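The values are calculated or read from the model by the stated rules, or taken from the named source; none is laboratory data. Note that the coordinates shown come from a computational prediction; the quantities given were computed from them, not determined experimentally. Using ideal geometry, Cβ is built from the backbone for each residue, glycine included, and neighbour counts are taken over all protein chains shown. In case anyone asks, the SASA skips ligands and DNA or RNA and just uses the protein heavy atoms, side chains included. Shrake-Rupley method; radii C 1.70, N 1.55, O 1.52, S 1.80 Å.
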Amino acid sequence: MATITVDGERYEVSEGRTVLQALDDLGVLMAGVEIPHYCWHPKLSIDGSCRLCQVEVEGVPKLQIACDTRVRDGMVIDTKSERVRRAREGVMELLLVNHPLDCPICDQAGECKLQDYAFAYGVGHSRSREARRPAKKRVELGPTIVFDQERCILCRRCVRFCREVPGSGELGVFARGDDSMIETFPGAELDNPYSMNVADICPVGALTTRDFRFKIRVWFLEDVPGLCTGCSNGCNVHLGVANNKVYRYVPRRNDAVNETWICDAGRLSYQQIGSADRLTQALVRGELGVLEQTPLPEALDAAAGALRGVVDAHGAEAIGGVASAHASNEDLFVFRRFLQALGARSAAVAVPTGDSDEVLIKAEKAANAEGARALGFMGPTELVEALGSGALRAVVVMGHDLVGSGAVELAALAGLEVIVLLDTHRSELERIAHVVLPTRHAAEKDASYTNHAGRVQRSFAAVEPAFEARPDGELLSGLGVRLGLPGFDGRFDVAAISDALAAEHPTFAGRALASLSEDGAPGPEG
């Protein structure tokens with residue numbers, strides 16, 4: 001460790017780190033110690049090109065760039081001296097020489113670092129009279145990113161990102177000097193699984209995502225912390241919310257999970273929250289064999305009556321339960337209690353799978369497969385055998401992955417006497433269900449999820465559904481009351497359920513919702 005002094009404050013930092021890295025490690029960079037920067041990014045290689053992070057180091061005659069100056073014991077740094085102030089003004093003036101003065105129509109306005117730093121560190125007027133250099137406008141670099149080249153300040157973050165994170169390297173700096181421009185290489189387009197991250201790390205309005213471009217001004221958005229549920233990595237995100245609608249996901253930094261990145265598929269999964277195929281109404285199959293819209297209490301009554309009929313005729317072991325790897329730990333805990341109180345035969349979980357990579361994307365395409373396994377839900381082998389032997393007469397199913405994952409053919413379920421389906425979206429399984437109960441998306445409820453590494457993380461309710469959808473656990477609690485199951489009184493308090501889960505299951509000890517930090521609680525192996 002080394003002790004350094006910054007603006008009169010002493011800090012203990014790790015040897016070998018640069019000034020910016022050391023301050024970022026402590027969490028004080030731009031949160032107590034103001035060293036503006038453009039080209040430096042905590043997860044990319046050092047470029048040292050923008051020169052905005054210059055500081056004064058005692059005993060060194062020239063100003064030093066904090067992004068590439070290593071700390072040493074006893075180092076004294078001044079970030080507020082007159083020399084530093086003039087240097088920042090000079091850098092900002094050069095960066096603005098060719099930048100268009102179009103903040104009112106720029107989609108980055110409100111979260112633009114050029115805008116912020118020009119106000120905080122720049123000069124109040126321009127000395128240039130020459131025309132700004134011409135550049136391309138609204139260039140589609142690929143299927144996800146639009147490039148306004150005249151706004152680029154050549155920080156080269158996007159170039160380094162493509163080379164260092166996905167390893168695709170589609171972008172480069174072409175020409176020299178004042179003619180330098182960011183371009184894609186000939187015959188290439190910006191099209192990799194993480195391409196939209198370049199819009200996040202672009203400090204200006206040069207790179208924007210096609211899905212969010214000109215949708216809403218960012219100052220109307222509230223950022224709600226949540227999780228991407230596209231795979232078992234559990235990437236941390238901010239949900240941009242306005243008017244009870246989610247407009248975007250942007251990555252939220254968590255060095256133990258996703259650093260500062262998110263894959264494009266996960267980022268765009270916010271579109272599922274308000275999609276047209278959401279289940280918005282409880283459905284009960286009527287006398288004519290057609291699903292009919294039914295008030296939720298009556299649908300719960302119908303589900304309970306149908307399940308009671310199976311128990312009376314064949315015993316509780318004729319009922320199986322299928323959990324969803326998309327459901328929260330709290331919902332799964334209630335489901336486990338429900339099945340145990342009912343005396344159901346099997347408790348399975350079907351996990352959809354797909355492509356994976358070495359960066360973030362995991363093969364399991366659900367947020368909580370690990371949580372489901374920790375609560376005792378295993379693969380559907382036993383359930384499939386019970387179906388084949390005819391021992392199973394009814395199932396209570398969370399989600400539609402049982403069919404969507406290919407674990408069971410739809411035809412194998414069609415002969416069951418009762419299928420009670422709790423789901424968020426329409427599916428093939430809905431077509432053969434006897435009762436359908438609409439549930440909430442992860443963005444619509446307070447809950448926790450366990451990622452592939454066993455880290456338990458919290459997600460907050462960002463929006464309220466405009467239709468009658470309830471958390472899975474609340475619907476199951478309602479069923480439990482109607483069936484007269486012990487331990488069910490009709491109340492659904494997610495905080496109390498989380499406390500009970502933490503108390504009853506060693507895997508979740510100390511991981512109740514109230515005790516989870518912003519970064520979550522690591523798994524047994526850290």
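Filter segment 145-191 down to residues that are within 18 Å of D264 (Cβ to Cβ), open to solvent by 10 Å² or more (accessible area, probe 1.4 Å), part of a loop (DSSP other than H, G, I, E, B) and in contact with a helix residue (DSSP H, G or I) (Cβ under 8 Å, 6 or more places away or on another chain), then give me how many there are.
4
Under 8 Å between Cβ atoms, at least 6 apart or on separate chains: pull out the pairs that start in segment 326-343 with a residue that is β-branched (V, I, T) and end on any residue that is not in a helix (DSSP H, G or I).
Sorted first by the residue in segment 326-343, then by its partner, the pairs are V334/F492.
Can you pull out the residues in segment 358-391 that are on the phi < 0 side of the Ramachandran plot, at pLDDT below 95 and either in contact with a Gly (Cβ under 7 Å, 6 or more places away or on another chain) or exposed (fewer than 14 other Cβ atoms within 10 Å of the Cβ) (or both)?
G379, T381, L383, E385, A386, G388, S389
Considering only segment 241-275, how many residues are modelled with pLDDT of 95 or more, within 22 Å of P438 (Cβ to Cβ) and open to solvent by 20 Å² or more (accessible area, probe 1.4 Å)?
Looking only at segment 241-275, we keep the residues that are modelled with pLDDT of 95 or more, and these are 241-273, 275.
Now restrict to residues that are within 22 Å of P438 (Cβ to Cβ): 241, 243-246, 269-273, 275.
Next cut, open to solvent by 20 Å² or more (accessible area, probe 1.4 Å) only: 243-245, 270-272, 275.
Final tally of qualifying residues: 7.
Scan segment 505-514 residue by residue and report those that are in contact (Cβ under 8 Å) with a residue 12 or more places away in the chain and part of a helix (DSSP H, G or I). Spell out how you get there, then give the answer.
Here is the first cut: in segment 505-514, the residues in contact (Cβ under 8 Å) with a residue 12 or more places away in the chain are 505, 507-508, 511-514.
Selection gives T507, F508, L513, A514.
Residue by residue, here is whether (1) over 30 Å from N243 (Cα atoms); (2) in a loop (DSSP other than H, G, I, E, B) holds:
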position: G454; (1), (2): yes, yes
position: R458; (1), (2): no, no
position: A461; (1), (2): no, yes
position: L475; (1), (2): no, no
position: G484; (1), (2): yes, yes
position: A502; (1), (2): yes, no
position: E518; (1), (2): no, yes
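How many residues are in a helix (DSSP H, G or I) and either open to solvent by 20 Å² or more (accessible area, probe 1.4 Å) or not hydrophobic (A, V, I, L, M, F, W, C) (or both) when one looks only at segment 392-430?
Residues of segment 392-430 in a helix (DSSP H, G or I): 401-404, 410-414, 428-430.
Adding the requirement that they be either open to solvent by 20 Å² or more (accessible area, probe 1.4 Å) or not hydrophobic (A, V, I, L, M, F, W, C) (or both) leaves 401, 403-404, 410-412, 414, 428, 430.
Matching residues across segment 392-430 total 9.
For segment 281-304, how many residues are small (G, A, S) and free of Cβ contacts under 8 Å to residues at least 12 places away in the same chain?
Let us first name the residues in segment 281-304 that are small (G, A, S), namely 282, 286, 289, 299, 302-304.
So of that shortlist, the ones also free of Cβ contacts under 8 Å to residues at least 12 places away in the same chain come out as 286, 289.
Looking only at that region, the number is 2.
Scan segment 192-201 for residues that are surrounded by 24 or more Cβ atoms within 10 Å (Cβ to Cβ) and closer than 23 Å to R51 by Cα and jot them down.
Selection gives V198, A199.
Of all the strands (runs of 3 or more DSSP E) wholly in segment 1-89, which have at least 1 residues that are out of contact with any Asp or Glu (no Cβ under 8 Å at 6 or more places or on another chain) and open to solvent by less than 50 Å² (accessible area, probe 1.4 Å)? Explain how you work it out, then say what you get.
Numbers: elements: 2-6, 9-13, 54-57, 76-78.
Here the list reads 2-6, 9-13, 54-57.
Which residue is nearest to V463 (Cα to Cα), if the candidates are limited to segment 274-288 and must be assigned to a loop (DSSP other than H, G, I, E, B), touching a strand residue (DSSP E or B) at 6+ places or on another chain (Cβ under 9 Å) and not charged (D, E, K, R)? Steps first, please.
The first filter runs over segment 274-288 and keeps only residues assigned to a loop (DSSP other than H, G, I, E, B), leaving 274-277, 279-282, 286-288.
Then drop every residue that is not touching a strand residue (DSSP E or B) at 6+ places or on another chain (Cβ under 9 Å), which leaves 274-275, 277, 279-282, 286.
Within this subset, residues satisfying the condition of being not charged (D, E, K, R) are 274-275, 279-282, 286.
Numbers: G274: 10, S275: 14, L279: 16, T280: 15, Q281: 18, A282: 20, G286: 33 Å.
Only one residue tops the list, namely G274.
Let me spell it out: the conditions are (1) within 26 Å of E444 (Cβ to Cβ); (2) surrounded by fewer than 21 Cβ atoms within 10 Å (Cβ to Cβ); (3) touching a residue at least 60 places away in the same chain (Cβ under 8 Å); (4) touching a Leu at 6+ places or on another chain (Cβ under 9 Å), and R308 meets all of them except one. Which number is the exception?
(1)
Yes/no per residue for (1) on the phi > 0 side of the Ramachandran plot; (2) acidic (D, E); (3) surrounded by 18 or more Cβ atoms within 10 Å (Cβ to Cβ):
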position	(1), (2), (3)
H434	no, no, yes
L437	no, no, yes
H441	no, no, yes
E444	no, yes, yes
L479	no, no, yes
P486	no, no, no
S498	no, no, yes
A503	no, no, no
F508	no, no, yes
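Restricting segment 296-348 to residues that are of a type in the set (S, T, N, Q) and assigned to a helix (DSSP H, G or I), which is nearest to G454 (Cα to Cα)? Outline the logic, then answer.
The first filter runs over segment 296-348 and keeps only residues of a type in the set (S, T, N, Q), leaving 324, 328-329, 340, 346.
Next, from what is left, pick out any that are assigned to a helix (DSSP H, G or I): 329, 340.
Numbers: N329: 12, Q340: 24 Å.
The extreme case among them is N329.
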